[in-house]
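Take a look at the structure set out below.
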Amino acid sequence: MSSPMISLKSLTSTTTMNQLLATAKSGACASSSCGSPAKPEDVDSATWEKIKDHPCYSEEAHHYFARMHVAVAPACNIQCNYCNRKYDCANESRPGVVSERLTPDQALRKVIAVANEVPQLSVLGIAGPGDGCYDWKKTKATFERVASEIPDIKLCLSTNGLALPDHVDELADMNVDHVTITINMVDPEIGAKIYPWIFHDHRRFTGLEAAKILHERQMLGLEMLTARGILTKINSVMIPGVNDEHLVEVNKWVKERGAFLHNVMPLISDPVHGTYYGLTGQRGPRAVELKTLQDRLDGGARLMRHCRQCRADAVGLLGEDRGQEFTLDRIPGEVRYDASKRETYREVVARERGDHVTAKSEAIGMVKAAGSSGLLLVAVATKGGGRINEHFGHAKEFQVYEASAIGINLVGHRKVEQYCRGGWGEESTLDDVIAALEGIDILLCAKIGDCPKDQLTEAGVRVTDDYGYDYIETAVSALYAAEFGLEPLAATA
Ligand code: CLF
Ligand code: SF4
């Protein structure tokens, strides 16, 4: 199925990327697109144009395109019980965590440096710590500067929503197409358990009154964005015993108000983070609990299931973080934007993406047509391009695909510690990997050694590298066929 030319199939290293770009430049693929884009049936063409290169708004795009965040707006107007803006750890990957705060000028330098080095870059996001709508001047200055230097980069804002209604018109004027609002409740009684205070209209509010104002402003902001055709994603933090059941209601409310996506994320809570929830022992949900809730929400507002809960200074494809390569001390004082790598990469992706879409739709068609009631949960080691192209020992996460009568869908991911450290594997890490794979039927990777393979098998986790470098859906459909006694597709590579 795939092209014999260099393709994203071998997306494994900088060298490979350089080869890939060189091949495209040499004209090996004269056509810029050999296949149709993967527009979902329930998305109109105008919306697809907005989301097709956005790794968060399109699951399919996240195999190819990268985001970067700049932390330019540190002031915040509310307190969430899961946040401690003082906490800073370079190795911690979760929202709100950042190694350095930037001025708009520094942010521009950093975005140009990343755009020159990371051809996958398509989106610039401002996602804390702090609130981009409350710390508005810095947000606006950053977006304006970047847009004037790199006009085709998408601008993306994440906000708690309290100050959002004051800036919707300016967001529309600046062509910001994507806004995320974190909405954890539509019932202020529940909100009072999540937000101890807010600062609004030059005053501090607490308790029920604070939650009521926040709720009203969030709903107003969402309605205003919808009225202006700006796509909205709603992030909700799932807090067991506080709002987990209630998120069904939240999903209904935001769907009614035109939200494009609903992203339910697990609470991350640890005493060392110094958050209220961390210090009071509030637990986060287990992966299985999160998936059960997401399954319940299916059929409501469209769900995002591939969120990686990025750092506020994350750089790269979702699931990877190259932020430490682009700290200010590593960026030259003056950088000029060079569009060539990004342009060339887009040409290669357009070709590869068409190939992937064809393979994927054949695989999904086969699974659907089988009419089996079987369900298979498959964990995949991948580093992008929609392929099984990561070695087991190098994986820091596994994407989880579910194959069933409704097709093959990405339903989440499991974060793990990297097993292989400089040539040997860590025993204790393997135990954690096995625990993280709870409920998974089969694990797919590009390569695995005999030792970890035997130990995984002993622990009841089936694992194979037989489908290394295949498209994920093609391999999953073949496994599904083998598992449930169906006729498999011809293998594609
Ligand atoms: Fe960043 Fe957020 Fe824009 Fe994406 S992240 S501001 S919408 S560009 Fe994406 Fe990261 Fe999840 Fe956010 S995976 S935490 S949803
Ligand atoms: Fe922290 Fe963001 Fe909540 Fe402000 S809105 S307290 S920065 S999580």
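Each row is one residue, and each column tells you yes or no for (1) under 30 Å from PRO285 (Cβ atoms); (2) among the hydrophobic types (A, V, I, L, M, F, W, C).
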| position | (1), (2) |
| --- | --- |
| ASP135 | no, no |
| LYS193 | yes, no |
| TRP197 | yes, yes |
| ASP201 | no, no |
Any residue at all in segment 181-201 that is open to solvent by 50 Å² or more (accessible area, probe 1.4 Å) and hydroxyl-bearing (Ser, Thr, Tyr)?
no
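What do you reckon, is LEU124 in contact (Cβ under 8 Å) with a residue 12 or more places away in the chain, within 15 Å of LEU222 (Cβ to Cβ) and open to solvent by less than 10 Å² (accessible area, probe 1.4 Å)? Can you show your working first?
Working: in contact (Cβ under 8 Å) with a residue 12 or more places away in the chain: yes; within 15 Å of LEU222 (Cβ to Cβ): no; open to solvent by less than 10 Å² (accessible area, probe 1.4 Å): yes.
The answer is no for LEU124.
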Which listed residue, of ALA113, ALA61, ALA107, is under 28 Å from PHE260 (Cβ atoms), away from ligand 2 (no atom under 16 Å from the Cβ) and modelled with pLDDT of 95 or more
ALA107
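So which of THR206, THR232 is more than 16 Å from ligand 1 (Cβ to nearest atom) and among the hydroxyl-bearing types (Ser, Thr, Tyr)?
On the way: THR232 fails: more than 16 Å from ligand 1 (Cβ to nearest atom).
Residue meeting the stated conditions: THR206.
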Taking LYS233 as the residue in question, decide whether it is open to solvent by 20 Å² or more (accessible area, probe 1.4 Å) and either in the same structural domain as TYR277 (by TED's automatic domain parsing) or within 16 Å of ligand 2 (Cβ to nearest atom) (or both).
no
Sole miss for VAL378 among (1) out of contact with any helix residue (DSSP H, G or I) (no Cβ under 6 Å at 6 or more places or on another chain); (2) at pLDDT 95 or above is condition (1)
Could you tell me which of the residues LEU328, LEU410 is touching a residue at least 24 places away in the same chain (Cβ under 8 Å) and closer than 19 Å to ALA287 by Cα?
LEU410
Single unsatisfied condition, ALA359 versus (1) of a type in the set (A, V, I, L, M); (2) open to solvent by 40 Å² or more (accessible area, probe 1.4 Å); (3) more than 16 Å from ligand 1 (Cβ to nearest atom):
(2)
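I'd like to check something: does segment 302-322 contain any residue that is of a type outside the set (A, V, I, L, M), in a helix (DSSP H, G or I) and either open to solvent by 30 Å² or more (accessible area, probe 1.4 Å) or outside the structural domain of GLN399 (by TED's automatic domain parsing) (or both)? Please lay out each step first, then the result.
So in segment 302-322, the residues of a type outside the set (A, V, I, L, M) come out as 302, 305-311, 313, 316, 319-322.
Of the ones still in play, those that are also in a helix (DSSP H, G or I) are none.
Taking every residue of segment 302-322 in turn, none turns out to be of a type outside the set (A, V, I, L, M), in a helix (DSSP H, G or I) and either open to solvent by 30 Å² or more (accessible area, probe 1.4 Å) or outside the structural domain of GLN399 (by TED's automatic domain parsing) (or both).
Only one residue in VAL146, VAL118 is surrounded by 19 or more Cβ atoms within 10 Å (Cβ to Cβ), β-branched (Val, Ile, Thr), away from ligand 2 (no atom under 12 Å from the Cβ) and over 20 Å from the mean Cα position of the chain (by Cα), so which one is that? Steps first, please.
Numbers: VAL118 fails: over 20 Å from the mean Cα position of the chain (by Cα).
After applying the criteria, what remains is VAL146.
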Among the candidates GLY371, GLY386, single out the residue that is closer than 30 Å to GLY460 by Cβ and either at pLDDT 90 or above or touching a strand residue (DSSP E or B) at 6+ places or on another chain (Cβ under 6 Å) (or both).
GLY386
On the basis of being away from ligand 2 (no atom under 14 Å from the Cβ), closer than 27 Å to ASP53 by Cβ, surrounded by 18 or more Cβ atoms within 10 Å (Cβ to Cβ) and not polar (S, T, N, Q), does VAL250 make the cut?
no
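Out of ALA211, ALA259, which single residue is assigned to a helix (DSSP H, G or I), small (Gly, Ala, Ser) and surrounded by 15 or more Cβ atoms within 10 Å (Cβ to Cβ)? Lay out the reasoning, then the answer.
Working: ALA259 fails: assigned to a helix (DSSP H, G or I).
On inspection, the qualifying residue turns out to be ALA211.
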Would you mind telling me which numbered condition in (1) touching a Leu at 6+ places or on another chain (Cβ under 9 Å); (2) open to solvent by less than 30 Å² (accessible area, probe 1.4 Å); (3) part of a helix (DSSP H, G or I) LYS341 fails?
(2)
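Does segment 132-152 include one or more residues that are over 30 Å from PRO332 (Cβ atoms), within 16 Å of ligand 1 (Cβ to nearest atom) and outside the structural domain of VAL416 (by TED's automatic domain parsing)? Talk me through it step by step, then tell me what you get.
We begin by selecting, within segment 132-152, every residue over 30 Å from PRO332 (Cβ atoms); these are 133-134.
From the residues that got through so far, the ones that are within 16 Å of ligand 1 (Cβ to nearest atom) too are 133-134.
Filter once more, so that each one left must be outside the structural domain of VAL416 (by TED's automatic domain parsing): 133-134.
Within segment 132-152 (the criterion being over 30 Å from PRO332 (Cβ atoms), within 16 Å of ligand 1 (Cβ to nearest atom) and outside the structural domain of VAL416 (by TED's automatic domain parsing)), the answer is yes, since at least one residue qualifies.
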Of a type in the set (A, V, I, L, M, F, W, C) and in a loop (DSSP other than H, G, I, E, B): does that describe VAL179?
no
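With the condition kept exactly as written, say whether any residue in segment 309-320 is at pLDDT below 95, within 23 Å of GLY386 (Cβ to Cβ), away from ligand 2 (no atom under 16 Å from the Cβ) and acidic (Asp, Glu). If you could, list the steps in order and put the result at the bottom.
Of all residues in segment 309-320, those at pLDDT below 95 come to 309-320.
Applying the additional criterion that residues be within 23 Å of GLY386 (Cβ to Cβ) yields 309-310, 314-320.
Cutting the leftovers down to away from ligand 2 (no atom under 16 Å from the Cβ) gives us 315-320.
Next, from what is left, pick out any that are acidic (Asp, Glu): 320.
Yes; the residues of segment 309-320 include at least one that is at pLDDT below 95, within 23 Å of GLY386 (Cβ to Cβ), away from ligand 2 (no atom under 16 Å from the Cβ) and acidic (Asp, Glu).
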Is it fair to say THR159 is in contact with a Ser or Thr (Cβ under 9 Å, 6 or more places away or on another chain), touching a residue at least 24 places away in the same chain (Cβ under 8 Å) and either of a type in the set (Asp, Glu) or more than 16 Å from ligand 2 (Cβ to nearest atom) (or both)?
no
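Being in contact with a Cys (Cβ under 9 Å, 6 or more places away or on another chain) and polar (S, T, N, Q), is that true of even one residue in segment 201-215?
Step one: of segment 201-215, the residues in contact with a Cys (Cβ under 9 Å, 6 or more places away or on another chain) are none.
The answer is no; no qualifying residue exists.
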Search result, residues across segment 433-450 that are open to solvent by 20 Å² or more (accessible area, probe 1.4 Å), modelled with pLDDT of 90 or more and under 25 Å from ALA405 (Cα atoms)
ASP441
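Tell me the residue from LYS415, LYS396, LYS453 that is crowded, with 18+ Cβ neighbours inside 10 Å, of a type in the set (Lys, Arg), in the same structural domain as SER373 (by TED's automatic domain parsing) and in contact with a strand residue (DSSP E or B) (Cβ under 9 Å, 6 or more places away or on another chain), please.
Details: LYS415 fails: crowded, with 18+ Cβ neighbours inside 10 Å; LYS396 fails: crowded, with 18+ Cβ neighbours inside 10 Å.
Only one candidate passes the filter, namely LYS453.
Taking THR292, is it under 23 Å from the mean Cα position of the chain (by Cα), closer than 26 Å to ALA71 by Cβ and either open to solvent by 60 Å² or more (accessible area, probe 1.4 Å) or away from ligand 1 (no atom under 16 Å from the Cβ) (or both)? Walk me through it before giving the result.
Working: under 23 Å from the mean Cα position of the chain (by Cα): yes; closer than 26 Å to ALA71 by Cβ: no; either open to solvent by 60 Å² or more (accessible area, probe 1.4 Å) or away from ligand 1 (no atom under 16 Å from the Cβ) (or both): yes.
In short, no.
The values are calculated or read from the model by the stated rules, or taken from the named source; none is laboratory data. Small disclaimer: the values here were computed from a predicted structure and weren't measured. Every residue, glycine among them, receives a Cβ derived from its backbone with ideal geometry; neighbour counts consider all protein chains shown. Surface areas here come from the heavy atoms of the whole protein model, side chains and all, with no ligands, DNA or RNA. Shrake-Rupley method; radii C 1.70, N 1.55, O 1.52, S 1.80 Å.
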